[in-house]
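First up is the structure itself, then whatever we jot down about it.
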Amino acid sequence: MSTSAIHLLGGSQSDFAVNWHRAGKGFDALIGEVVGATLTSTTIAPTEIDVIHVGNAFGQLFTGQGQLGGMPATVIPELWGIPASRHEAACASGSMALLAAMADLESGRYDCALVIGAELEKTVPGDEAAGYLGAAAWVGHEAQDTKFVWPTMFAELADEYDRRYGLDDVHLRAISELNITNARTNPLAQTRNWTFTPDSFGTDDTANPPVAGRLRRQDCSQMTDGAVAVILVSDRFLARRTDLRPDERAVVSGWGHRTAGLSLAQKLSVSADEPYVFPHVRQTMLDALRRAGLPDIDALDGIEVHDCFSMSEYMAIDHLGITGPGESWKAVEGGDIARDGRLPVNPGGGLIGGGHPVGATGVRMVLDAYKQVTGNAGAYQVPDAHRFATLNIGGSATTAASFIVQSQTKRS
């Protein structure tokens, strides 16, 4: 039982279109920028921070830099001496940092947590980067004959859906096009100024080249540099900081976290007789809804899902309960997931449109949920949003995490 509600005061995101390596800058500049902006936007002084949690997946591989829990104090002297740690769960690393911070606040150990998600991926050529990301698979046991581990794995997931339920690739292309279109209105999105044509979302091998199996270039999120930070606080902290307005805060009202084995083949075998391909992912969302006291997915006003590939969003749609198992195409065709649909999904562009700096993604999702429920999402605002959720996965859905973020005051 929680001893304190978890309050979200806001945060900051770097511009995901920026190539930090090309600019000659590293983790120090990236983390310094996003933490500084977060402290300013939330009016929290560095001296009020009790604990720091950093989500990062591949720091050593891309930059040689580990021990990233120490980077905030390196660039902001006032954070010197504050306990800090780094968390890794592939693409769900940021969510693990959030869960650890929440546990700290709920236990009463600390009252104010700074959570950072950060990744630099543009330091090496694309083929080499793809190999580094393969460290989140079962190394030496799967996807050994390809340089593109994750496109290959999610193409296998698409083939599994096709075997179980039937799958039309047109619906995968539609997911990609929707997310890239949504990103046009997001001033921090990686692809906001990229040029596409209708053929970019079709089967033209020049405009949309094959990558692995049935997946093509626009089915895939791209290598991205970026960082996001947020501030979480307890009831006790708010009792001291009575100047923090309720309409500028949100509450993390529910969460879910489940983990399966590394191997995709093993997961598919385990679920062979189940209605859902990934039962643990389905349970993660149900856990979050239950903890938030909500009956089903329709109690939400929108959701940020993990579209590292169009296929991962296709999987998420039915696992969330937007449709029945294997029927995600209905939500795509019916417009249910559009910004003005029944349950908007990735209104700011998600990973395919917005960008996917791996360790930052889970935190970015929660920050975007906060923006939605406080009416601060700008041009990609979902009208009258009161509750928003996230579904973040790591690897071939090895790690699954979900958060439900709710406004403190019902907006008219």
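Every number in this text was worked out from the coordinates using simple rules, so none of it is lab data. The shown structure was predicted, so the numbers you read here are calculated from the model rather than taken from an experiment. Here the Cβ positions follow ideal geometry from the backbone for every residue, glycine too, while neighbour counts run over all protein chains shown.
The table for this structure:
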item	result
D_trans [Stokes-Einstein, Kirkwood Rh over alpha-carbon pairs] for segment 189-281, 4 °C, 1.567 mPa s, µm² s⁻¹	68
Centre separation in Å (Cα based) which lies between segment 258-280 and segment 373-412	26
Compactness relative to 2.2 N^0.38 Å, alpha carbon Rg of segment 306-412	1.03
Cut-off 16 Å (backbone N to label point 7 Å along Cα→Cβ of Asn376), residues of segment 103-119	113-116
Rel. contact order, % - alpha carbon contacts under 8 angstrom, at least six apart, segment 84-225	21
Segment 1-145: translational diffusion in µm²/s, Stokes-Einstein, Kirkwood Rh over Cα pairs, 4 °C, 1.567 mPa s	79
Beta bridges per DSSP with both ends in the chain, % antiparallel, nearest 5	70
Square roots of 5 times each gyration tensor eigenvalue, C-alpha, the chain, largest first, Å	31, 24, 20
Net +/- balance of residues flanking Ile82 in space, Cβ distance below 15 Å, scoring K and R +1, D and E -1	-3
Quotient of C-alpha Rg and 2.2 N^0.38 Å, computed over segment 142-190	1.49
